[in-house]
Amino acid sequence: MAIAPQSTTPLCSKVNYDLASNLIISYDPKVAASAQPPDSQAKSAAIERATEVQASLPSELPSFVKPMLPSHVTGGFWLGFPKKFCDVHLPKHDEMVVLVDEDQQEFNTKYLVDKTGLSGGWRGFSIAHKLLEGDALVFQLIEHWKFKVYIVRVNGLNEIDGALGRIKKDSRNPQRAEDMDIDLHQNDIQERGLVTYDQSGDDGEYIDSEVSEGLRFSQSVLEFKDIKGIDDFSIVMDGLIIDSEIPKHFQIKYYDLCCSQKTYLHENLLKGLNVQLAVGIILETVTIADAIKACKVTTTRDNFETWDKTLKAFEEVGMRVGFLQDRISKLIGLLFESEEILEAKRNEQVKAEDEMRVMNQKLCGVREAIKNLNVEIESLEMKCQKLKPVFLKEANAPW
């Protein structure tokens, strides 16, 4: 929920955010990075007023204050939560966390338990609400894994009082409303472990409870031919480096696959594709490639066909996986088409053997007939020998 509207800046004209689909269409990180940072006094004032907002909220709903650092609103777009708060109130596994703004618009984000913070989805929330360094956010846990977010603008503190009035007016419980007196004593809030900032040094820089490099923007993408080794290799989607979302051993294997084709396999993926979906495609591509390398003659045809269907789906969204499909086709040809031909020949052999048995049976009959004929012939020959003298005697007999 935005506590005060922010004045129009060059950043606003460089953001195109589709609220209906919860997708960032375009964003210029150079403009965001060039925004004039607020001074320490303005940052402190924003935190103080955010603390007032937090104190006015129902005490039974846990909350905390989070000042915005450069890494939260530009570059990496990683937001660390206070570890103590996470240990008590958030799940013990990675989970989708919903952020609700002043318009009741919901934003899905990815909570990473190992890093105690938000990764995927936070970038969209930050850009959609034009957050700047020095803004202070109040996160109120209103349901399981759902936060109401109040935004105190570092450049709009004069408009916060009206918002505080709206918070009281929106309360559905009269007793809660009575308890929502503004407490300006920062120490009272800190004792509850709900404020996550600390000031050190002359410039009042805020220290995050746990910061990860996370996702970050790439100013440029090396052409693949210019990559000399794995250290030069980064996986970039729509100008966003997503290396942090992919385990290192998968990155190495994916780099090897790209090297084999001398190109980024993902460079033609659809623009605006969800980052987590793109990560999933890359991980599954590596997994299928490993499975192909490890397959044996006992691998079933169903496995090959499942891999091929998956790769075909990846190809339709722009992933360069044709070489893996070609390998599957060749393996199917070598393994299963040869087996089919062999089976066909075996069937032919059985048929020929059946025909031979029939012919052998016929041949036995013919042989028996020949044997009988031989006996008859011998009998007739003997008879002929006996008839010869009789014939001669009859021929020479007197008239």
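The values are calculated or read from the model by the stated rules, or taken from the named source; none is laboratory data. Fair warning: this is a prediction, and the values are worked out from it, not measured in the lab. Because the Cβ atoms are built from the backbone with ideal geometry, glycine has one as well, and the counts that use them run over all protein chains shown. We work out accessible area using only protein heavy atoms, side chains counted, and drop any ligands, DNA or RNA first. Shrake-Rupley method; radii C 1.70, N 1.55, O 1.52, S 1.80 Å.
So the check is Cβ under 6 Å with 6+ separation or different chains; which pairs have a first residue in the stretch 97-118 that's farther than 14 Å from ILE142 by Cα and a second one that's open to solvent by less than 10 Å² (accessible area, probe 1.4 Å) and among the β-branched types (Val, Ile, Thr)?
Filtered contacts from the stretch 97-118: THR109/VAL97; TYR111/VAL97; LEU118/THR109.
May I ask you to list the residues in the stretch 52-72 that are under 19 Å from LYS83 (Cα atoms), among the polar types (S, T, N, Q) and crowded, with 21+ Cβ neighbours inside 10 Å?
GLN54, SER63
Across the stretch 377-396, what is the number of residues that are among the hydroxyl-bearing types (Ser, Thr, Tyr) and open to solvent by 100 Å² or more (accessible area, probe 1.4 Å)?
Adding up the residues that qualify gives 0.
Among the residues in the stretch 258-269, are any in contact with a His (Cβ under 9 Å, 6 or more places away or on another chain), of a type outside the set (A, V, I, L, M, F, W, C) and under 19 Å from ASP326 (Cβ atoms)?
Within the stretch 258-269, none of the residues are in contact with a His (Cβ under 9 Å, 6 or more places away or on another chain), of a type outside the set (A, V, I, L, M, F, W, C) and under 19 Å from ASP326 (Cβ atoms).
Just the residues that are open to solvent by 40 Å² or more (accessible area, probe 1.4 Å) and of a type in the set (A, V, I, L, M, F, W, C), please, taken from the stretch 303-351.
Selection gives TRP307, ALA313, PHE323, LEU331, LEU334, ILE341, LEU342, ALA344, VAL350.
If I filter the stretch 284-302 down to residues being open to solvent by 70 Å² or more (accessible area, probe 1.4 Å) and in a helix (DSSP H, G or I), which single residue comes out as nearest to PHE250 (Cα to Cα)?
Ranking the candidates gives GLU284 first.
In the stretch 90-112, what residues are under 22 Å from PRO70 (Cα atoms) and open to solvent by 20 Å² or more (accessible area, probe 1.4 Å)?
ASN108, LYS110, LEU112
Inspect the stretch 134-151 for any residue being modelled with pLDDT under 90, buried (at least 17 other Cβ atoms within 10 Å of the Cβ) and not in a strand (DSSP E or B) and give the result as yes or no.
Among the residues of the stretch 134-151, at least one is modelled with pLDDT under 90, buried (at least 17 other Cβ atoms within 10 Å of the Cβ) and not in a strand (DSSP E or B), which makes the answer yes.
From (1) assigned to a helix (DSSP H, G or I); (2) within 28 Å of GLY239 (Cβ to Cβ); (3) charged (D, E, K, R), pick out the condition that doesn't hold for LYS309.
(2) is the only condition that LYS309 fails.
A quick yes/no check of all residues on (1) more than 18 Å from GLN325 (Cα to Cα); (2) not aliphatic (A, V, I, L, M):
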site: GLU245; (1), (2): yes, yes
site: ASP256; (1), (2): no, yes
site: ILE282; (1), (2): no, no
site: ARG301; (1), (2): no, yes
site: TRP307; (1), (2): no, yes
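Please go through the stretch 222-255 and pick out each residue that is exposed (fewer than 12 other Cβ atoms within 10 Å of the Cβ) and assigned to a helix (DSSP H, G or I).
Within the stretch 222-255, LYS225, ASP226, ASP231, ASP232, LYS248, HIS249 qualify.
Restrict the check to the stretch 349-367 and report whether at least one residue is part of a helix (DSSP H, G or I) and either assigned by the TED database to the domain that holds ASN274 or hydroxyl-bearing (Ser, Thr, Tyr) (or both).
no
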